[in-house]
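Below you'll find the structure, written out as structure tokens, and then a few comments.
We did not get these values from a lab; they are worked out from the coordinates using the rules stated. Keep in mind it's a predicted model, so treat the numbers as computed, not measured. Cβ atoms come from the backbone with ideal geometry, glycine included; neighbour counts cover every protein chain shown.
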Amino acid sequence: MSCSPVHVQLISTKVSYMSLKSCPLPHPMFTGRTDIIQQMHMFFSTGHKRLSYVIYGVGGSGKSQTAYKFINEAQHPPEGQPRFSQVFFIDVTSKETCDADWKSIALSANVDASAEDAVKWLSEQKNDWIVIFNNADDPALDLYPYIPKCHHGNLIFTTRNPSLNVHASSTNGCLHLPMLLPEDALSLFWKASGNFDLDKEAAVQLLKVNLLNFVYVLQLISTKELGHHALAIGQAGTFIRQQHLEVKTYLALYHQKADQAVLLTHKDQQSTDDYKYAVFPTFDLSFEQLTPLAIKFIQIFAFFHHSNISPHIFQKAYDGRLELTTVNNEEKQNLLAAQDFLDQFTSPSPSPSSSFHLLKCTAVFTQLCSYSLLLFDVANNSYYLHPLVHEWAVTKMEDNVITSTQILAEHLLGLSAADTSIADVAYQRSLVPHLQPVLRGHTLMTTNNLALTLRSLGKFAEAEQMQRELLQKRQEILGPDHPETLITMHNLGETLHTLEKFAEAEQMQRELLQKRQEILGPDHPHTLISMNHLANTLDSLGKSDEAQEIRAQLDALKNLMSTG
């Protein structure tokens, strides 16, 4: 009895594909993602139309591993037949690797040996096949020519580039792969550190026996340190096992910047999967594709807080750059780098409100997002970096570049904080996460603007600390009688009064009043303001008689000025 034509085609197809690249198995330590894989099973079980699924996220987060795990489960169910008639695996790291894998399919199918012919051939196969486009990270590589033009079949894309969501067959087919859940991160660390056979619950119970060690492990895998990042946690556990280290020792090494870079670039010589990069080298792959301007942005972000980043920081800095004329010559020289950087964003067709080229700035943000070096926070309408990307960015600079970029970042924040009006309180609040990294303040103008921002947000204690440092610097650099020094004395006096440190406020305001009377004259507006503020402080100290006397003098001066 002869086989039917369809049956013959299926048999020959199976045989000829034996030499093709197979979808890799998931890593032996693959942990978690149960809900996501279940969602994928449900997604690919609906209907008979073309289904396309995109997994995107930070490098090393487990995108490929999640796809491998799904395929392995789909093709080896506990009961029944494999979900897909054939699995095709395409390495999309580059155009060359993509072409090579499609050509292998063409040769196995006995069609002309070109990628185009292979894609066309597969589109004509009515079987329920699936193609995995793995590591589709290069935004410059157009995948459209490599996608079969048909209404059947199935596709999975793994990528750092969220713009590939355009290839998803529905909104349910777009997955931004999150970091591991805390319990899954803990389980992965436990497996990697040598306790492979323990399940999640047993790992937690064993760690709790040694509570201190448990605390160290939780700290290491936390969002503040390894950030529940799959590759980083697996790498850390493996290193601890190989070097016979205690977790607290690894944690101490990790907190040393030089050692941290070594730990996050270490790769076990004995591979257990097809992924050949450690954490930082994974990010390096994306860095090598960036434009010079995008590189400068990621370096600047290294000195911001890793969250709440917005193009408006740069727009506000651009609009505030006119303040450069108010600083001393030495500081002005340092700020020229900030002005040169911002001048790149002068729009060829400025709007009435600003000449800042916002589209040019957002294009840089988009490029960084296309490699998942920068991520978008929908809830807060801002951008953020994974903590490991934030740490890695510093390693991409030489020492001299680190110093100059840190100063540039401070200048940009300082210029961005120049407007402390009540109308801008919401924006000022968005700057708060970035203030702590630059509290040292390399420039007087930056420190002054950030201090005023803190004060306007009601963070008076932090403002006081910054204003004290600013006053000392201005006295040393500009001199005790310089107008900017006197303004700082005024601002600090007001902050001290608000904090109810009335005795200190009185002392500073008396000194300021004396200087302004001597330098500006008794009837200068700044002198009159100082008199009024001192009177208010004296009232708070219960020195009402002296306060009344000063107010009488103030009224007399005002009357004299009005009649003169």
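If the chain linking S170 and H76 were pulled fully straight, counting 0.36 nm for each residue of separation and taking away their Cα-Cα distance, it would gain 31.2 nm. Considering Cα pairs under 8 angstrom that are at least six residues apart, work out the relative contact order of the range 13-176 and quote it in whole percent. Computed value for the range 13-176: 33 percent relative contact order. A simple spin-label model places pseudo-atoms 7 Å from Cα toward Cβ; at A140 and E511 they are separated by 5.9 nm. Based on every Cα atom in the range 501-564, Rg and the maximum pairwise Cα distance Dmax equal 11.7, 38 Å. Take 474-482, 523-531, 508-516, 57-65 and order them by the average number of nearby Cβ atoms within 10 Å per residue, most first; the result is 57-65, 508-516, 523-531, 474-482. The modelled label-to-label distance between S163 and D99, using points 7 Å beyond Cα along the C-beta direction, is 2.2 nm. The label-point distance for K360 and L25, in a model that sets each label 7 Å from Cα toward Cβ, rounds to 5.4 nm. Relative to the current alpha-carbon distance between D35 and C150, full extension at 0.36 nm per residue lengthens the span by 38.4 nm.
Along its principal axes, the range 13-176 has C-alpha extents of 42, 40, 31 angstrom, given from the largest down. Between T46 and L107, how high is the FRET efficiency from 1/(1 + (r/R0)^6) when r is the Cβ-Cβ distance and R₀ = 41 Å? Nearest 0.05. Once rounded, the FRET efficiency stands at 0.75. A Förster distance of 35 Å, applied to the separation of the beta-carbon atoms of T403 and E116, puts the FRET efficiency at 0.10. If R0 is taken as 25 Å, the Cβ-Cβ distance between F376 and E288 corresponds to a FRET efficiency of 0.65.
A 29 angstrom limit on the alpha carbon distance is what I want to check against. Which of K49/K191; K21/K126; K95/K396; K248/K396; K95/K191; K316/K515 exceed it? K49/K191; K95/K191; K316/K515, as the Cα separations exceed 29 Å there. Reducing the range 87-148 and the range 174-189 to their Cα centroids gives an inter-centroid distance of 30 Å.
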